[in-house]
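Notes follow the structure.
Every number in this text was worked out from the coordinates using simple rules, so none of it is lab data. Since the model is a prediction, treat every value here as computed from it, not as a measurement. Please note: Cβ atoms are built from the backbone with ideal geometry, for glycine as well, and neighbour counts cover all protein chains shown.
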Amino acid sequence: MSKLTLSRRSFMKVAAATTAATALAVQTPGLAQAQPQTTQDTSGIKRIRSCCRGCGKMECGVWVIVENGRAIRTEGDESAFQSMGNHCGKGQASLQAAYHPDRLYHPMKRTNPRGQDDPGWVRISWDEAMATIAQKLQECMDRYGGETVFGMSGTSRIWGMFAYGALGQLTGSPNMAIPWQVCKGPRFFATAMQSMMQASWMETVARPKVYTSWGTGPELSNYDDSCRTVVDVAEKADTHIVVDPRMTNLGKEADAWLNLRPGTDGAMAMGWLNVLIENDLYDDLFAKKWTNGPFLVCPDIDPTGYETFRFTSGKFDMKTRLLKESDLVEGGSPSRFMVWDNLAGALTYFDADSGLWEGETWAPPTAGHAGMQEHLVPGVSQGWVPDPTGFDPNIDPALFGEFTVTLKDGRTSTVRPVWEYFVERVSAYTPEKVSEITGVKAELIEQAAKTHATRIDPSTGYGNGGIQYQLAIEHSCNAIATVRALDAYIGLTGNWDVPGGHRGGTQGQFIFKAGLGAVAPGIPNISAEQFNKMVGIDDYPLLGWWQGWADDASIWKAVETGEPYPLKFGWCSTGDFMCMSNSLQKWRAFPQVDFFVCEDLWKTPTAGMSDILLPAQHWLETNCPRMSQGPSGGQGATVRAIEPPADTLHDVEIATRIYKEMGVQWGPDDNPWPTYEENLDIMLNEGRQGEPTTWKEYCEEFQKNGWWDAKVVAPDTWGTYRRYETGMMPLKAFGNKNALEEFGKPGFGTPTRKMELWSTLVETFMPEDEEDLLATYQEPPLSPTSNPEMCEKYPFIATSGRRIPVYFHSEHRQLPWCRELWPAPRVEINPADAEELGIEQGDWVWVENDNGKIRQTADLYHGIDKGVINLEHQWWFPELDQADKGFDLCGCNCLVTTGKGFQDRISGTSYLRAYPVKIYKATAENSPFGNPVPCDHNGNPIICDASDPRLKEWVPNYELHEEA
């Protein structure tokens with residue numbers, strides 16, 4: 001790798017100074033004087049330990065400073081090892097959100113027809129709101145059926161996420177369009193198919209020796225490990241690799257930058273697999289014992305199998321052409337998968353039912369834990385890494401070769417191991433071929449892959465670290481295949497469930513279940529039969545196994561057309577319609593919905609089409625235990641720091657109230673509609689490891705001692721690595737079978753208990769799809785290769801989705817501190833392209849394709865290739881006094897193409913990046929109202945300058961908050 005021109009030590013000094021300056025800028029912008037200042041008298045001051053939700057995802061530990069009942073400041077919590085005491089501008093601006101004058105303080109109903117700029121909101125009581133919603137909901141179910149109810153949710157900013165489960169349970173509807181479909185869900189989907197759900201998450205806090213960031217900017221915002229933690233990790237790593245079309249902030253100090261063409265991540269992943277295998281760098285024992293690579297493919301049999309479990313509910317018959325004992329002899333077991341033993345020169349088997357090889361006896365390794373022996377992070381234990389175990393009795397499963405077998409009907413058949421098919425697929429993706437696809441030099445591809453895969457310290461028994469990959473790989477119609485390639489690469493490099501490797505989500509003392517609103521604890525999930533009624537399932541059959549979401553584009557097509565049946569009642573829980581498929585299509589389809597409910601903090605564009613608005617509570621006002629979503633291992637809580645406005649409710653309280661209004665049980669039999677405080681106690685004790693506790697006891701301990709290290713409080717699960725060896729892998733793919741029943745057996749959470757290089761799920765649910773039996777790569781449908789004519793018309797490739805320091809997706813556009821620092825959307829463009837087009841820094845420009853056109857301001861940036869632009873997503877303008885809040889002025893999802901053929905072929909994930917556009921300067925002549933600056937329907941421009949006096953209208957109103 002090339003040497004840095006700036007030493008890492010010098011860089012960290014610069015970074016520290018920059019961070020301090022940024023923090024100062026966030027804390028003291030032009031409107032900072034409008035904030036209350038702490039007085040010298042501290043008698044009324046409290047410090048409350050909590051968990052920030054300013055970006056909706058990262059579990060950063062914080063202190064909330066409260067003076068006489070008002071939050072006056074937030075600070076990083078030094079006990080939160082996962083965030084290292086970091087507290088970014090988004091979190092600090094939470095004070096402005098909680099006390100915002102435009103916040104929703106009461107339930108409201110529409111009095112003007114949809115389509116008017118003024119919905120005519122009037123205040124109503126909660127009783128009226130609940131009675132009206134229940135009446136309309138029941139009318140819809142009676143007239144059209146429960147499946148004609150659809151749900152939407154946000155990214156857990158308030159936690160309720162009603163549409164993630166509870167709305168479907170209430171109505172029996174499978175049609176829940178949730179942003180999980182485009183935001184970490186495809187990674188979970190693919191890893192659940194192949195190994196274990198959530199295996200995409202890397203244990204960054206364990207300090208990998210080679211830090212690889214792929215399609216993400218975690219130094220700004222991320223799930224779980226981000227910000228200061230990631231900067232520290234990158235600084236300490238031996239090598240830092242970035243795979244991204246644009247140079248990220250932290251990437252400027254990387255040792256290697258693989259600036260691939262947008263949408264070609266899958267080809268790059270296959271190329272890394274090629275380098276791994278061609279250079280014999282893969283873990284041979286892992287390939288033979290823990291993947292289905294040695295299983296034999298028999299092309300001469302019909303797919304058969306056995307009953308196994310769906311991801312969420314119900315059972316299904318897995319069917320595969322992988323050779324089983326039942327294919328060879330009458331009465332043979334269908335769960336015994338045949339392999340060829342090189343030592344014996346004969347067939348042997350692996351039994352997926354027991355998790356054991358023929359003749360194997362097994363007991364979990366019990367060498368012990370390291371306790372609080374400090375790792376690389378102060379206060380974080382090392383945990384226990386069991387040694388890899390070999391085969392007993394001694395066998396050598398063949399990975400290559402052709403073998404003749406006699407089937408039970410007397411026919412002979414030639415069979416080959418899955419591994420041979422896998423290697424044949426990967427062999428096509430040489431560095432030279434991947435270079436042609438991605439635009440990255442072949443030598444750099446090979447050098448980066450070798451650097452990552454070659455173990456720096458072989459004595460550890462594991463690899464150099466995982467790959468921190470994120471949303472970019474999910475948005476160009478090849479999501480599932482790309483994640484499968486990366487997951488296989490991680491396993492074969494020895495980085496699966498090891499320190500610094502991929503571990504999935506943290507397991508602590510409790511399991512999030514009852515209180516989140518994702519499920520109603522008192523009633524079962526909807527049936528598999530009902531899930532199979534979801535719109536779009538014919539186009540994406542594996543959604544019937546996954547059962548995690550309905551395809552967003554299919555839902556809005558059904559709203560628009562009434563086919564295959566109408567969707568007439570919608571409910572959005574702290575989310576919006578701008579985050580997935582084409583936003584314009586949804587806005588135009590909204591009038592076909594008979595009744596729509598929106599719960600949120602604000603009057604968003606989604607609220608502009610709603611019939612009733614319900615006011616939710618802010619994170620500063622709520623209680624909730626928290627577990628690191630990723631693998632950092634932090635366990636803590638969000639703790640109510642200030643009293644919420646009296647007429648607002650927590651999302652879970654809203655869900656419980658509508659259940660009660662409908663006469664449907666929410667909680668257990670002895671408490672069918674628990675209060676939120678009672679829900680907290682249920683949540684803490686559902687699946688808890690250890691003695692029962694109450695929220696009060698839990699909160700008191702948290703306030704006193706700070707964040708828990710999950711390796712210490714859950715040593716057998718989170719405190720142990722290589723859990724596929726110990727029998728403690730959380731097998732979430734086993735649906736309605738109690739996961740604890742599956743503990744005590746080695747293996748992964750797949751139908752075969754192996755990392756499935758050959759997917760039995762694709763074979764079962766998509767039997768005609770031969771290509772996706774193995775990881776593969778397909779071009780984005782509108783790329784220069786797939787559609788050169790379209791790309792000639794629209795010569796720029798648009799990517800989007802980068803993280804902005806002061807925003808999280810659609811959030812915070814009305815917070816003065818945030819909007820001052822980033823007042824208008826920016827499109828990054830290479831300076832050479834800008835010069836050719838006559839575009840200068842800060843110019844408003846049009847970005848256009850066949851779906852529509854938007855405006856953003858030009859940001860000339862050498863960190864992006866010629867011919868590529870980078871758009872900002874989910875912009876809307878709270879300052880505009882119209883129902884749609886100007887979402888169509890700058891929102892890049894108005895340019896998205898949707899429908900079958902323009903989505904991921906397995907998960908339905910939308911085509912949000914790597915599509916063609918043209919860009920040109922906005923002028924008075926080509927702009928509405930003669931103004932290049934976007935304007936509302938009356939010609940009033942948006943806020944696009946930090947000096948705009950309208951920002952002062954958003955300064956906190958403490959009296960309004962306390963009186964409401």
Cα gyration tensor of the chain, axes a ≥ b ≥ c as square roots of the eigenvalues: rounded (a/c below 1.5), prolate (a/b > b/c) or oblate?
rounded
If you restrict to DSSP beta bridges whose two residues both lie in the stretch 788-959, what percentage is antiparallel, to the nearest 5?
70 percent
What lysines sit close enough to LYS918 to cross-link, taking a C-alpha to C-alpha distance under 22 Å and skipping anything fewer than 8 places away on the same chain?
LYS793, LYS853, LYS866
Along the stretch 863-874, Karplus-curve 3J(HN,Hα) (6.51, -1.76, 1.60; θ = phi - 60°) to the nearest Hz, with x for Gly and Pro, reads x, 9, 5, 4, x, 10, 10, 10, 8, 8, 9, 6
Rounded, prolate or oblate: which fits the stretch 360-514, taking a ≥ b ≥ c as square roots of the Cα gyration tensor eigenvalues, rounded meaning a/c under 1.5, else prolate when a/b beats b/c?
oblate
Any idea how far apart ASP317 and ALA832 come out in nm if each label point goes 7 Å out from Cα toward Cβ?
6.0 nm
Under a Cβ-Cβ cut-off of 13 Å, what is the net charge of the residues other than GLU962 that fall near it, where Lys and Arg count +1 and Asp and Glu count -1?
-3
Output the 0 to 90 degree angle, nearest 10, between the alpha-carbon long axis of helix 265-278 and the longest principal axis computed from the alpha carbons of the chain.
30 degrees
Separation between the GLU963 and ASP539 pseudo-spin-labels, each 7 Å from Cα along Cα→Cβ, expressed in nm?
5.0 nm
Could you tell me the calculated FRET efficiency between GLU560 and GLU771, based on Cβ-Cβ distance and R0 = 30 angstrom, to the nearest 0.05?
0.45
Please work out how much length the chain gains when fully extended from THR304 to ALA428, using 0.36 nm per residue of separation minus the C-alpha to C-alpha distance, in nm with one decimal.
41.6 nm
Give me the compactness ratio for the stretch 811-927, meaning the Cα radius of gyration over 2.2 N^0.38 Å.
1.13
Looking at the stretch 199-259, I'd like the Rg to Rh ratio, where Rg is from alpha-carbon atoms and Rh is Kirkwood's inverse mean 1/r.
0.91
Listed residue (PRO645, VAL415, ALA166) projecting farthest to the positive dipole end of the chain, Cβ model
PRO645
Could you work out how far apart the two model spin labels at ASP118 and ASP142 are, taking each label as a point 7 Å from the Cα in the direction of the beta carbon, and quote it in nm?
3.5 nm
The correct pair for the stretch 821-883, radius of gyration to one decimal and Dmax as a whole number, both in Å and from Cα atoms, is 12.8, 39
Using only the alpha-carbon atoms, how far is helix 126-144 inclined from the longest principal axis of the chain? Give it as 0 to 90 degrees, nearest 10.
50 degrees
Take each of the peptides 124-134, 589-599, average the number of other beta-carbon atoms within 10 Å over its residues, and list them starting from the highest.
589-599, 124-134
